[in-house]
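One structure is given here, and the rest of the page talks about it.
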Amino acid sequence: MNFISKCAAGLFVSAFAMTTAHTDQAQAADLRIVVPQLPSALDPTITTLGTNWLVASNACEGLTGLDDNWQPQPMLADSWSYDEKALTLTFKLRSGIKFHSGAAMTSDDVVASLKRYRESAGTGAVLKSLTSDISAEGPDTVVVKLTGPTGIIPGLLTLTPAVIMSKAALAGKSATQAVETIDCTGPYKVTEFQADRQAVLSRFADYKPRAEATSGSAGAKRAPADRMIFMPQAEPSVRRDNVLTGAADIATTLPFDFYADLKSNAAVQPVVINDNQSLTAVFNTKKGPMANVAMRRAVYSALEMDSIMLAAEGDQAFYVIDPSWVPDRKSIWYTKAGADGFGTPKKDLVKKLLAEAGYKGEPLRWLTSKDFYQGHYLPALTAQQQLEEYGIKIDLQVMPAATYIQTRSDADKFDVFSSFLPTYVDPVVIPYLNATYPGFWNDPKKEELVKKLATTSDQKARVEIWSDIQKLIYDQMPYIKFGTEASFYVARKGVGNLQTSPANTQVFYNVVPVAK
Amino acid sequence: MLRFLGQRLLLMIPTVVVPLVLVFLLLRLAPGDPAAQILGDQASPSEIAALRSEMGLDLPLPVQFVLWAKNIVTLKLGTSFFFKQPVIDLLPQYALVTLQIALAALFLAVALGSILGVVAAINKDGVLDRGLVGVAVLGISLPEFWLALLLIFLFAVTLRWFPVSGYVPPADGLLASAATIALPALALGIRQSALITRMMRSSMLDVLGEPYIVTARAQGLPEAMVIGRYAVRTAAIPVVTVAGLSASYLLSGAVSIELIFSLPGLGKLLIDAVARRDYPVVEGAVLLIALMLAALNLIIDVVYALLDPRVRMG
């Protein structure tokens, strides 16, 4: 055999072996999930960025869990109760729960976790403002002292940053210092984590599922896959191709352009999650022309929302023109209060409002970024064209995400910025309502209503208060909503029990992989 | 030779230090706050300010510079804001991936480019020459990311020969590792091989017109010996320059290829770190890339000096 023949034979054998190795990888009863990015660290308490909670959402649990209707249900807690004055909230813990390290969960672990969460940014600060102390009373009871009556704490504790980790794992770690190994109680245990490569979660043999029926991240967790493997892939078409070739079982966060092709492919199943999130724009209510409410009303009245949403989504099947600031129709907070005639422009009113605002044609600085996804940029571009028909000039500033986040925090540097808003477990934690959030809406009536919402424990009364807040939003227009968009992902044919609720888009522990 | 080597080593200092200082300043002067990036958009300004203080980002710029320079000199590159790992531990993991792909792509580029360049030159103005030149121009013009997507469609989605994306380290199986770098190396190597093909062809055409080649042919030496032993050796010298430039490009991390194939290499690490404003990682990666490029340039200079004594004479 001459040299060239030997090389050709070698190449053939190598190619065959590579192909075989590749095929073998796809045969295991693992659930392989391709996601746009992996968290850079596993600890969910150190950040308010939801994308960084992915692994912890599947490996950890809180005292409560969120069902598909956005309601808190018991998870590590067996039950909870308030005292007569509603100033003490007592959680009874489930017995026989073990951490991934093998240690038994006690109230000391819960107290350590919640005290750390209390010191964290975002919703942790909300918990801090509503509680004066968290302490253990015996091994299976945790007592939360409240600063006043409130109904939101069980909901807050469904959030991933509030998960329970062992006290030993948290030792010496402040709320800004990441825990290296998350020692949790969930149905899967992190067995390998390499940032930018993969996160492998293996079934936790000592997991004790709840008896109730599964609903979102509440109820029974069955853990049907031997392992869940999360793999990062930034390019959407390559995420899709991984599923098409069988190298992955699920590819998340895909653009709607892919939907028709995938729908007609017998090897895969596209899954649409309706009512996923609102596409929005936030006004600078502190400084500049948008500090004038007449100007904000003029911009809102000039916009035709259907064209804006169509530009963003590409197909009417993937959005709804809906005014609710809580986009999921299954949430108890969903309401159309205060939004009569939403989405339809009112030409005469725009002219009147512009005159009232004294608008002289000065350009409005609209910040947006393409780093997030086209849902930020395309609505802004379409709105710019619509507003120019009324002589409202938009200086559309497209910038990297880091620049966008910093620029919008300075009231001197913007008038409007593009944003989005998912459904939250409780409206109190909607960041837009915070007066320090960029946009800086600081209205005495709003502050009073939000305080009332936080400190009322009767849920029916709270729904009414939220309805009043939405009416105020549609009157004062500190931010505007264009519509509600869906999202979609694709799975291999044969993958079962796929999630379709926007309440639990990061949860995969009940998904059934293709059989071995 | 020692004096020449000493001069080149001294020149390495500004090559490494100037980009580092520029990166330090640009990162801190550019908008974007690492603390805000870490905490996310629900954090309040006071929470962000507290974290900035904890990270030392509220110190005056000259103080930060002195602390940074001290750390660089002692090779204490700090801890990544996001990975929460020492940068000195993080960089080798990513650099090895880039090195593996760069070497595979470079081997492919040099082998393919040299052969095609020689074939085109000895068939000057023929159909084969025009075809190869056309393909080379096309190869140079194709954006790498587009070529990568085409390769995925053909070899991964349609033929299923290779995985679509991802990376398997050699320690987990040489064949599986080779399979994960095959398409990225091909996507990178094709463009570089097109450059080398054109350079080799042009260099060969110059050499084939030299009197010593005419003499060799007149003496009746076999054509294969004239081309292989005399012409190619001389024509290969300018190709070393192009190959060196290609190596510099490949080692500094081919960002688009690493992103498309989801390869945890230096380019991807750097671009993610810039987006997240992870200062220690950006500075560490730039230091590593600057050192690698300076070392590569030194090697090329030394090879040139060895091949051609006139270079040493200045």
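Restricting attention to the stretch A:259-279, does a residue exist that is in contact with a Phe, Trp or Tyr (Cβ under 7 Å, 6 or more places away or on another chain), open to solvent by less than 50 Å² (accessible area, probe 1.4 Å) and among the polar types (S, T, N, Q)? Yes, the stretch A:259-279 has at least one match. Within the option set B:Arg3, B:Arg8, being basic (Lys, Arg) and either modelled with pLDDT of 90 or more or within 25 Å of the chain's Cα centre (by Cα) (or both) holds for one residue only, B:Arg8. Annotation for the stretch B:235-256: no member residue is modelled with pLDDT of 90 or more, under 29 Å from A:Thr245 (Cα atoms) and within 14 Å of chain A (Cβ to nearest Cβ). Counting only residues that are out of contact with any helix residue (DSSP H, G or I) (no Cβ under 7 Å at 6 or more places or on another chain) and closer than 17 Å to A:Ser301 by Cα, the stretch A:384-422 holds 6 of them. Only residues that are farther than 17 Å from B:Leu296 by Cβ and buried (at least 21 other Cβ atoms within 10 Å of the Cβ) were counted in the stretch B:237-264, giving 8.
Filtered by the rule that a residue be under 21 Å from A:Ser107 (Cβ atoms) and of a type in the set (Gly, Ala, Ser), the stretch A:156-189 gives A:Ala162, A:Ser166, A:Ala168, A:Ala169, A:Ala171, A:Gly172, A:Ala175, A:Gly186. Among the residues making up the stretch B:1-20, those that are in a helix (DSSP H, G or I), of a type in the set (A, V, I, L, M) and farther than 14 Å from B:Leu288 by Cα are B:Leu2, B:Leu5, B:Leu9, B:Leu10, B:Leu11.
Looking across the stretch B:15-29, the residues that are over 20 Å from the mean Cα position of the chain (by Cα) and without any contact (Cβ under 8 Å) to a residue 60 or more places away in the chain come down to B:Val21, B:Leu22, B:Leu25, B:Leu26, B:Leu29.
For the stretch A:274-299, a residue qualifies if it is in a strand (DSSP E or B) and within 20 Å of A:Phe440 (Cα to Cα), and the qualifying residues are A:Ser278, A:Leu279, A:Thr280, A:Ala281, A:Val282, A:Phe283.
Inside the stretch A:403-423, can you point out the residues that are more than 10 Å from chain B (Cβ to nearest Cβ) and buried (at least 22 other Cβ atoms within 10 Å of the Cβ)? Lay out the reasoning, then the answer.
So in the stretch A:403-423, the residues more than 10 Å from chain B (Cβ to nearest Cβ) come out as A:411-412, A:414-418, A:420-423.
Listed by number, the residues that qualify are A:Phe414, A:Asp415, A:Val416, A:Phe417, A:Ser418, A:Thr423.
Residues that are without any contact (Cβ under 8 Å) to a residue 60 or more places away in the chain, in contact with a Leu (Cβ under 8 Å, 6 or more places away or on another chain), open to solvent by 60 Å² or more (accessible area, probe 1.4 Å) and more than 14 Å from every other protein chain (Cβ to nearest Cβ) do occur in the stretch A:178-194. Within the set A:Val299, A:Val326, the sole residue that is under 30 Å from A:Thr500 (Cα atoms), crowded, with 16+ Cβ neighbours inside 10 Å and among the β-branched types (Val, Ile, Thr) turns out to be A:Val326. For the stretch A:237-247, residues that are more than 8 Å from chain B (Cβ to nearest Cβ) and over 22 Å from the mean Cα position of the chain (by Cα) total 2. Residues in the stretch A:195-207 that are loosely packed, with under 14 Cβ neighbours inside 10 Å and either touching a residue at least 60 places away in the same chain (Cβ under 8 Å) or under 30 Å from B:Ile48 (Cα atoms) (or both): A:Asp206 only.
For the structure I just gave you, tell me whether B:Asp125 is free of Cβ contacts under 8 Å to residues at least 12 places away in the same chain and away from chain A (no Cβ under 14 Å). Yes: the conditions hold for B:Asp125.
Any idea which of A:Val111, A:Val144 is among the aliphatic types (A, V, I, L, M), within 25 Å of A:Asp78 (Cα to Cα) and open to solvent by 10 Å² or more (accessible area, probe 1.4 Å)? Reasoning before the result, please.
Working: A:Val144 fails: open to solvent by 10 Å² or more (accessible area, probe 1.4 Å).
After applying the criteria, what remains is A:Val111.
Filtering the stretch B:140-188 to residues that are touching a helix residue (DSSP H, G or I) at 6+ places or on another chain (Cβ under 8 Å), of a type in the set (Phe, Trp, Tyr) and more than 7 Å from chain A (Cβ to nearest Cβ) leaves B:Phe145, B:Phe153, B:Phe155. One residue stands out among those in the stretch A:369-402 that are modelled with pLDDT of 95 or more and of a type in the set (Ser, Thr, Tyr): the one that is least open to solvent (accessible area, probe 1.4 Å), which is A:Thr382.
Rundown of residues vs (1) in a helix (DSSP H, G or I); (2) away from chain A (no Cβ under 11 Å); (3) open to solvent by less than 30 Å² (accessible area, probe 1.4 Å), yes/no style:
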| residue | (1), (2), (3) |
| --- | --- |
| B:Leu27 | yes, no, yes |
| B:Pro31 | no, no, no |
| B:Gln42 | no, no, no |
| B:Ser46 | yes, no, no |
| B:Asp58 | no, yes, no |
| B:Phe65 | yes, yes, no |
| B:Lys70 | yes, yes, no |
| B:Leu77 | no, yes, yes |
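Return a yes/no flag: does the stretch B:137-153 have any residue that is closer than 30 Å to B:Tyr230 by Cβ and open to solvent by less than 30 Å² (accessible area, probe 1.4 Å). Steps first, please.
At the first step, the residues of the stretch B:137-153 found to be closer than 30 Å to B:Tyr230 by Cβ are B:137, B:139-140.
Applying the additional criterion that residues be open to solvent by less than 30 Å² (accessible area, probe 1.4 Å) yields B:139.
Yes, that holds for at least one residue.
Scanning the stretch A:60-78 for residues that are open to solvent by less than 20 Å² (accessible area, probe 1.4 Å) and outside any loop (DSSP other than H, G, I, E, B) turns up A:Thr64, A:Gly65, A:Leu66, A:Ala77.
Residues in the stretch A:222-236 that are in contact (Cβ under 8 Å) with a residue 24 or more places away in the chain and in a loop (DSSP other than H, G, I, E, B) were compared, and the one that is farthest from the other protein chains (Cβ to nearest Cβ) is A:Arg222. Considering each residue of the stretch A:163-177 in turn, at least one proves to be assigned to a loop (DSSP other than H, G, I, E, B), closer than 24 Å to A:His100 by Cα, free of Cβ contacts under 8 Å to residues at least 24 places away in the same chain and not hydrophobic (A, V, I, L, M, F, W, C).
The values are calculated or read from the model by the stated rules, or taken from the named source; none is laboratory data. Please read these numbers as outputs of a predicted model, since none were measured by experiment. Note that each Cβ is placed from the backbone with ideal geometry, even for glycine, and that neighbours are counted across all protein chains shown. Side chains included, ligands, DNA and RNA excluded: accessible areas come from the protein's heavy atoms. Shrake-Rupley method; radii C 1.70, N 1.55, O 1.52, S 1.80 Å.
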